[in-house]
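The values are calculated or read from the model by the stated rules, or taken from the named source; none is laboratory data. Quick caveat, the model's predicted, so the values are computed rather than measured. For neighbour counting, all protein chains shown are included, and Cβ atoms are generated from backbone atoms with ideal geometry for every residue, glycine included. The accessibility values were calculated without ligands, DNA or RNA, using every heavy atom of the protein model including side chains. Shrake-Rupley method; radii C 1.70, N 1.55, O 1.52, S 1.80 Å.
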Amino acid sequence: MVKAVMDELFEYFQSMTLPAQVRVSMACCLNMCGAVHCSDIALLGYHRKPPLVDSEVLENVCEIPLVIAACPTAAISPSKTEEGKKTVKIKEERCMFCGNCYTMCMALPLSDKEGDCVTVMAGGKVSNRISPPKFSKVVIPALPNNFPRFPEVCRDVRKIIEAYARTLTSTSESAIGLKGSDGRSSLRSVTSPSASTSLMTTDWLTIRTELPLSSSLPMRPGRFPRRRVGSTDRRSL
């Protein structure tokens, strides 16, 4: 999926058409490594079926106590097969499809082509520059898991990027010709959070969903300030 999305967005890596840097991240399960819960655009692999138990090899390739301890909802318990082999059983009503057990034991595969889907989130922010960090919000609950090129995912991610790219252009055009109280030209509307947010939200609403994006997406700064070497700021001690 990463390769397919980057191929779709490659032109943006060769130009400066976006208002600022954009963080696009991807995680394959609900553990959400890679900070997908606080990224500008996040792609999350969402599983909807419990893992399968391969009892034939589980005892030989897995540490059963570690598998049991890895489950955050205590849905896994020890068991035995009819032949007397050690294995585990899963309480499906407790399973949250997070994939923790699979990280501990490859005999508990979780992927399923028909049941899995891709969730798209947007509007998150990692740093505390200008505004506090923000969690991403779900904007597309589920897209088909069409391996290997994921056309639906690439299409909708590109829509978000294009809406974001139009934000700066729209706000810049609206600021042309404005005058301040001293008679000088003013471009304050370009950096106005309310103007940028409303334009971004309206543009996105007309494209995909009724859920607005966080104001941090169009206002995320492109660079972070660096401290001087030898600074005596107490916060750096």
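Some values worked out for this structure:
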quantity	calculated
Failed condition for V2, given (1) open to solvent by less than 70 Å² (accessible area, probe 1.4 Å); (2) in contact with a strand residue (DSSP E or B) (Cβ under 7 Å, 6 or more places away or on another chain); (3) of a type in the set (A, V, I, L, M)	(1)
Positions within segment 22-61 being in contact with a Cys (Cβ under 8 Å, 6 or more places away or on another chain), buried (at least 20 other Cβ atoms within 10 Å of the Cβ) and assigned to a helix (DSSP H, G or I), in sequence order	L58
Condition met for M1 (without any contact (Cβ under 8 Å) to a residue 60 or more places away in the chain and of a type in the set (A, V, I, L, M))	no
Leading residue by the ranking (most open to solvent (accessible area, probe 1.4 Å)) among those in segment 90-136 that are of a type in the set (S, T, N, Q) and farther than 30 Å from N60 by Cβ	N128
V153 being more than 23 Å from F13 (Cβ to Cβ), at pLDDT 90 or above, of a type in the set (A, V, I, L, M) and not in a loop (DSSP other than H, G, I, E, B)	no
Residue, farthest from R48 (Cα to Cα), within segment 131-156, restricted to residues that are among the aliphatic types (A, V, I, L, M) and touching an Asp or Glu at 6+ places or on another chain (Cβ under 7 Å)	I140
Of all residues making up segment 8-21, the number that are in a helix (DSSP H, G or I) and touching a residue at least 40 places away in the same chain (Cβ under 8 Å)	2
Residue in segment 89-110 that is closer than 30 Å to P151 by Cβ, in contact with a Leu (Cβ under 7 Å, 6 or more places away or on another chain), not hydroxyl-bearing (S, T, Y) and not in a loop (DSSP other than H, G, I, E, B) present	no
Which numbered condition I68 fails, given (1) of a type outside the set (F, W, Y); (2) on the phi > 0 side of the Ramachandran plot; (3) surrounded by 12 or more Cβ atoms within 10 Å (Cβ to Cβ)	(2)
